[in-house]
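Readers should treat all values here as calculations from the given coordinates under stated rules, not as data from a laboratory. Bear in mind the structure is a predicted one, so any value in this text is a computation, not a measurement. All Cβ positions, glycine included, derive from the backbone under ideal geometry; neighbour counts span all protein chains shown.
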Amino acid sequence: MSNKPFLVKIEKGKTYAWCQCAESENQPFCDGSHEKINAKNDNLIESLVEVNMISSKKEGKKLIAKDEKPMIVKAEKDTEVNLCTCKQSKNLPYCNDSHLSI
Ligand code: FES
């Protein structure tokens, strides 16, 4: 994972999917990799249920799976923005210089 922002041009009216899971090969945008994370979590949860380490799939999902879907952003004007890649910004999806303290 990079700890520097990506300067990108965005176009008015277009929507962009900013990667939230940090697994995308197309940073800072989503490439669908969060689906693989969810699949891994589902397999892990099923294994834990089988060995009785958690009582049900539903409870396990609350404990383990996170919502890693991309953040959808609609551009209100043609502009350039710094999109966060460290995933620590307090103003996601935009960089707020939090990467400087990582
Ligand atoms: S890249 Fe700057 S705050 Fe994340």
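Quick rundown of the values:
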read-out	value
Region 14-27: number of residues that are farther than 12 Å from Val73 by Cβ and out of contact with any Lys or Arg (no Cβ under 6 Å at 6 or more places or on another chain)	6
Filtered residues of region 66-75 (kept if surrounded by 14 or more Cβ atoms within 10 Å (Cβ to Cβ) and part of a loop (DSSP other than H, G, I, E, B))	Glu68, Lys69, Pro70, Ala75
Tally, over region 76-89, of residues that are within 8 Å of the ligand (Cβ to nearest atom) and part of a loop (DSSP other than H, G, I, E, B)	6
